[in-house]
1. Out of all the residues in segment 34-42, is one or more polar (S, T, N, Q) and free of Cβ contacts under 8 Å to residues at least 24 places away in the same chain?
2. Test each condition in (1) open to solvent by less than 40 Å² (accessible area, probe 1.4 Å); (2) at pLDDT below 90 for D6 and report the one that comes out false.
3. Any idea how many residues of segment 121-175 are assigned to a strand (DSSP E or B) and modelled with pLDDT of 85 or more?
4. Just a yes or no: is a residue in segment 65-74 part of a loop (DSSP other than H, G, I, E, B), out of contact with any Ser or Thr (no Cβ under 6 Å at 6 or more places or on another chain) and under 23 Å from Q87 (Cα atoms)?
5. Consider Q87 against the criteria (1) outside any loop (DSSP other than H, G, I, E, B); (2) at pLDDT 90 or above: it satisfies all of them except one. Which criterion is unmet?
6. Residue by residue through segment 22-36, note down the ones that are at pLDDT below 90 and open to solvent by less than 50 Å² (accessible area, probe 1.4 Å).
Amino acid sequence: MTPHSDADPEPVPVRVVLPADPLLGSEPQEVVARLWKRRQTETGWVYLVGMPSYRDREDGTVEAAEYRVWVRAPEHVRPVDGVDYDQVVTERLQPSPQSAVLEVLGERRPSGWVLQKVSGGRGPARGVLHALDCEEAPKDAPQLDWKRALDVAENPATRLCTLCGCAQELTPLLRGFDHITDSAPDDS
């Protein structure tokens, strides 16, 4: 039970859905409680509600009390008609660094590659390796995982598409990351 402080903002009424109790044979019920705070979490919203209750006093009497508990919204709470919830303390989830990256870079491209076979000429089969979402990629070609794509890319008759970035993605895996820098590795 959380004691009330004068520094707390005034709560507003909210309906709380109590679960059914198969032992008592009761159906779900709604009681009006006091909404103290809302918090956004990774899995949704939770509301801190003050449920009406009673407590025993040391002198043997009983007094009205409030039991505060976090409940899931909207599963366990319902608004009360005519109540303004704009003034309720609301803690929003801070955007994760991953969402900032997503905002800047956009949706992640699909994983996988496809081989476009190029006919004509003599010698080994020729082909162009594309990322799945490349405009030039054949739509009916089987998808290759990264291991198979590297095997295909090592074939001298295979060209890596520069339009879709396949060359930029696979070249470091084929030749290592040292070739990317302008200077030779320091052997000291």
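1. Going through segment 34-42, the residues polar (S, T, N, Q) turn out to be 40-41.
Now restrict to residues that are free of Cβ contacts under 8 Å to residues at least 24 places away in the same chain: none.
For segment 34-42, residues polar (S, T, N, Q) and free of Cβ contacts under 8 Å to residues at least 24 places away in the same chain: absent.
2. All conditions pass for D6, except number (1).
3. 9
4. Step one: list which residues in segment 65-74 are part of a loop (DSSP other than H, G, I, E, B), which gives 74.
Restricting the remaining residues to those that are out of contact with any Ser or Thr (no Cβ under 6 Å at 6 or more places or on another chain) gives 74.
From what is left, the residues that are under 23 Å from Q87 (Cα atoms) are 74.
There is at least one residue in segment 65-74 that is part of a loop (DSSP other than H, G, I, E, B), out of contact with any Ser or Thr (no Cβ under 6 Å at 6 or more places or on another chain) and under 23 Å from Q87 (Cα atoms).
5. Failing condition for Q87: (1).
6. Hit for segment 22-36 is S26, nothing else.
The values are calculated or read from the model by the stated rules, or taken from the named source; none is laboratory data. In this text, all values refer to a predicted model and were calculated from it rather than measured experimentally. Because the Cβ atoms are built from the backbone with ideal geometry, glycine has one as well, and the counts that use them run over all protein chains shown. These area figures cover heavy atoms from the full protein model, side chains too; ligands, DNA and RNA do not enter into them. Shrake-Rupley method; radii C 1.70, N 1.55, O 1.52, S 1.80 Å.
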